[in-house]
Amino acid sequence: MRSPVAERLLLSVGALPEFVDDVIGDLEEERTQREAAGLGPQNAWFTRQIVAALPYALRQGVREHRLRGMLRLLETSLAAWILVELGVVIMGLVAIGAYTIVSANALPTFSGELPLWPTLPLGVLSAAAVGYTAAWLDRRRPLLAALASGALWAGIQSALLLATVGQTARWQWAMPLLTVVGVTIGGVVRISRTSPDGGSLPVR
């Protein structure tokens, strides 16, 4: 992990620029010293230190933005969730219509026990889309916004599962966790395409 990527990652969870500059500067200096001491390339060590610094950066981002910032995160999370769900509903209606026309039969009655395939991969893909959308909507804290949207969506899924206990397949209880994984992937993909100041990187 090089410094621009590390800087982008720490800034994406709302850490203050001066905090990021201090962390990156200290780690770069120590990496240079370790390599000069004959320890070989220290990229893996540098990556581990950045990952270890992420919880502190995340906590700082949450603390610094306070109530107004949290409300903004909630607004962004809801907007991302609604946008993606609308897209999923529209595509679902189109698919149902096409199936009905081609087969001349209506779809069977909905059951709470959804099939593992293709529901699981589609659920993770939808979560990644939510994370990407949330990160796109909040350029100052893209990864933090993605994680917040994941927490919101996972909470809604958990509430629905608890309300339909005994009517859902066992594997569906893993969806809240997979949702968090999916939104994180979507958020990381988004920040990998942006510069540290929030601007878009050129597509190559």
With the 1.4 Å probe rolled over protein heavy atoms, the range 7-98 has an accessible area per residue in Å² of 61 Å²
With all protein chains present, how much of the accessible area of the range 128-198 (probe radius 1.4 Å) comes from carbon and sulfur, to the nearest whole percent?
68 percent
Nitroxide proxy distance, nm - points 7 Å out along Cα→Cβ at Leu78 and Ile101
3.6 nm
Would you tally the net charge around Ser149, using a Cβ to Cβ cut-off of less than 12 Å, leaving Ser149 out, and scoring K and R as +1, D and E as -1?
-1
In the range 116-173, the trypsin sites (Lys or Arg not before Pro) that sit in a DSSP loop and have at most 11 other Cβ atoms within 10 Å of their own Cβ are none
Taking 0.36 nm per intervening residue step and subtracting the Cα-Cα distance, what contour gain separates Val89 from Trp45 on full extension?
11.4 nm
Mind jotting down the three principal axis lengths of the range 122-165 based on Cα atoms? Whole angstrom, largest first.
39, 19, 10
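The values are calculated or read from the model by the stated rules, or taken from the named source; none is laboratory data. From a predicted model like this one, the values you see are computed outputs, not experimental measurements. Neighbour counts are summed over all protein chains in view; Cβ atoms, including those assigned to glycine, are modelled from backbone coordinates with ideal geometry. Calculation scope for accessible area: heavy atoms of the full protein, side chains included, ligands and nucleic acids excluded. Shrake-Rupley method; radii C 1.70, N 1.55, O 1.52, S 1.80 Å.
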